[in-house]
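Here the structure comes first, spelled out in structure tokens, and everything after it is commentary.
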Amino acid sequence: MTIGWYVHHHGAGHRARMLATAPLVGDVKVLDSAGLPSDVADAPVDPTARGTLHWAPLHHGGARARMARIAAWIEAEQPTAMVVDVSVEVALLARLLGVPTVVVAQRGTRRDDPHRLAYRQAAAVVAPWSAESHLPGDLPFDEGVRFVGAISRFDGRAFGARPAGGDVLLLVGAGGHGLTWAHMEAAAAATPERTWHVAGGPAPVGPNLIDHGTGADVGELLDRCSVVVGTAGGNVVAEVAAARRPFVCLPQPRPFDEQRRQAAALSALGVAVTCDAWPSGQQWPGLLARAEAIEADGWGRLHDGSGASRFATVVREVAGCA
């Protein structure tokens, strides 16, 4: 049995979940949106189909070619199930072609008509967070959603405890951010007793500011640092949770308020200090200390290291090979 897996290329979380889960599923064939024809349009015509879809512009050759390529791929691979992470239109196309879908949920207020349609048609909806950390009312419906817990590439890795007051990791997600060099320099200058390590940069280099770039060994940096400052993308949060590190969360603007709702969930769970805007320099000593005062065990309410296993079980059930 072949299981298809559509991975959206924006942000790192979609691919990270697939890489952690696919080996536990079996014969998985991956369709990466980065390799498909572009459906970007400068002046799209009725891209939402009068509010029923998210992106289906009329008379757009790239969009047509993209969906035709996906349909041809499904015909060639003959998957018994299709994991979609994430696209309303791809989920609907797979179902129209007779393939049961596992739709991956995302944080945010997603009660609009396209999300309702995509979630209702799915054979299963998987939320990569725990039921305990869920904010009721975000998804079109909560009944039947499989809350599997956060999934990280570092699940199963042992991280040593770090005393408060040590190095800081600034972890920037791949989905874009509004952090500037001036922000980073001011934070480092306000905490001269700490060394700041920036992953996902680029970042300026200073006396206590080190740029590790986009190819940083994030696992090693998580192990080295006492506290993490980061955006509120699903992948960043899952990695911090896996390492059980104190966290200062800086949500970035996203459709459906995805990162703001993620930050709200972390606040409600009591596992992170959250800030709506980049703090001023003088705020940093207190923010880092507040984050370090939070018990790390709280992360277990979001992430227990078995999320990928539970996700794989759902996929195999839908594919009929459980």
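The values are calculated or read from the model by the stated rules, or taken from the named source; none is laboratory data. All of these numbers come straight from a predicted model, not from anything done at the bench. With ideal geometry, Cβ positions are generated from the backbone for all residues, glycine too; neighbour counts draw on all protein chains shown. Areas reflect the complete protein model, heavy atoms only, side chains present, ligands, DNA and RNA absent. Shrake-Rupley method; radii C 1.70, N 1.55, O 1.52, S 1.80 Å.
Listed by position, the helices (runs of 4 or more DSSP H) contained in segment 1-113 that have at least 1 residues being over 23 Å from the mean Cα position of the chain (by Cα) and of a type in the set (Asp, Glu) are 61-77. If you check VAL237 against the conditions, is it buried (at least 24 other Cβ atoms within 10 Å of the Cβ), under 30 Å from GLU132 (Cβ atoms) and of a type in the set (A, V, I, L, M, F, W, C)? Considered against the rule, which asks whether it is buried (at least 24 other Cβ atoms within 10 Å of the Cβ), under 30 Å from GLU132 (Cβ atoms) and of a type in the set (A, V, I, L, M, F, W, C), VAL237 comes out as yes.
Report whether or not ALA241 is within 23 Å of ILE294 (Cα to Cα) and touching a His at 6+ places or on another chain (Cβ under 7 Å). Yes, satisfied.
When you look at ILE70, is it open to solvent by less than 60 Å² (accessible area, probe 1.4 Å), touching a strand residue (DSSP E or B) at 6+ places or on another chain (Cβ under 9 Å) and either under 22 Å from LEU269 (Cβ atoms) or touching a residue at least 12 places away in the same chain (Cβ under 8 Å) (or both), yes or no? Considered against the rule, which asks whether it is open to solvent by less than 60 Å² (accessible area, probe 1.4 Å), touching a strand residue (DSSP E or B) at 6+ places or on another chain (Cβ under 9 Å) and either under 22 Å from LEU269 (Cβ atoms) or touching a residue at least 12 places away in the same chain (Cβ under 8 Å) (or both), ILE70 comes out as yes.
Taken over segment 40-50, the criterion of being open to solvent by 40 Å² or more (accessible area, probe 1.4 Å) and under 15 Å from ARG64 (Cβ atoms) is satisfied by VAL40, PRO44, VAL45, ASP46. Here ARG120 does not fit the description of being at pLDDT 95 or above, assigned to a loop (DSSP other than H, G, I, E, B) and open to solvent by 10 Å² or more (accessible area, probe 1.4 Å). Are there any pairs with C-beta distances below 8 angstrom linking a residue in segment 268-287 that is touching a residue at least 60 places away in the same chain (Cβ under 8 Å) and on the phi < 0 side of the Ramachandran plot to a residue that is small (Gly, Ala, Ser) and open to solvent by less than 10 Å² (accessible area, probe 1.4 Å), with the two at least 6 apart or on different chains, and if so which? So the pair list comes out as ALA268/SER133; LEU269/SER133; PRO279/ALA187; GLY281/ALA187; TRP284/ALA187.
Checked against the criterion of being within 29 Å of ILE151 (Cα to Cα) and not β-branched (Val, Ile, Thr), segment 40-52 contains not a single residue that satisfies it. Looking only at residues in segment 1-22 that are among the small types (Gly, Ala, Ser) and either modelled with pLDDT under 95 or in contact with a strand residue (DSSP E or B) (Cβ under 7 Å, 6 or more places away or on another chain) (or both), the one that is most open to solvent (accessible area, probe 1.4 Å) is ALA12.
Within segment 176-193, can you find the residues that are part of a loop (DSSP other than H, G, I, E, B) and either aromatic (Phe, Trp, Tyr) or open to solvent by 20 Å² or more (accessible area, probe 1.4 Å) (or both)?
Taking segment 176-193 and keeping what is part of a loop (DSSP other than H, G, I, E, B), we get 176-180, 191-193.
Once the filter is applied, which keeps residues that are part of a loop (DSSP other than H, G, I, E, B) and either aromatic (Phe, Trp, Tyr) or open to solvent by 20 Å² or more (accessible area, probe 1.4 Å) (or both), segment 176-193 yields GLY176, HIS177, GLY178, LEU179, THR180, PRO192, GLU193.
When the residues of segment 125-145 are filtered to those that are of a type outside the set (Val, Ile, Thr), crowded, with 18+ Cβ neighbours inside 10 Å and out of contact with any Ser or Thr (no Cβ under 8 Å at 6 or more places or on another chain), the one that is farthest from ALA308 (Cα to Cα) is PRO140. For segment 245-300, taking the residues that are at pLDDT below 95, hydrophobic (A, V, I, L, M, F, W, C) and surrounded by 17 or more Cβ atoms within 10 Å (Cβ to Cβ), the one that is nearest to GLU220 (Cα to Cα) is identified as ALA296. Taking the condition in contact (Cβ under 8 Å) with a residue 12 or more places away in the chain, within 28 Å of ALA241 (Cα to Cα) and open to solvent by less than 10 Å² (accessible area, probe 1.4 Å), does VAL25 pass? It is true that VAL25 is in contact (Cβ under 8 Å) with a residue 12 or more places away in the chain, within 28 Å of ALA241 (Cα to Cα) and open to solvent by less than 10 Å² (accessible area, probe 1.4 Å).
Within segment 301-322, the residues that satisfy the criterion of being under 29 Å from THR2 (Cα atoms) and open to solvent by 40 Å² or more (accessible area, probe 1.4 Å) are ASP304, SER306, SER309, ARG310, THR313, ARG316, GLU317, GLY320, ALA322.
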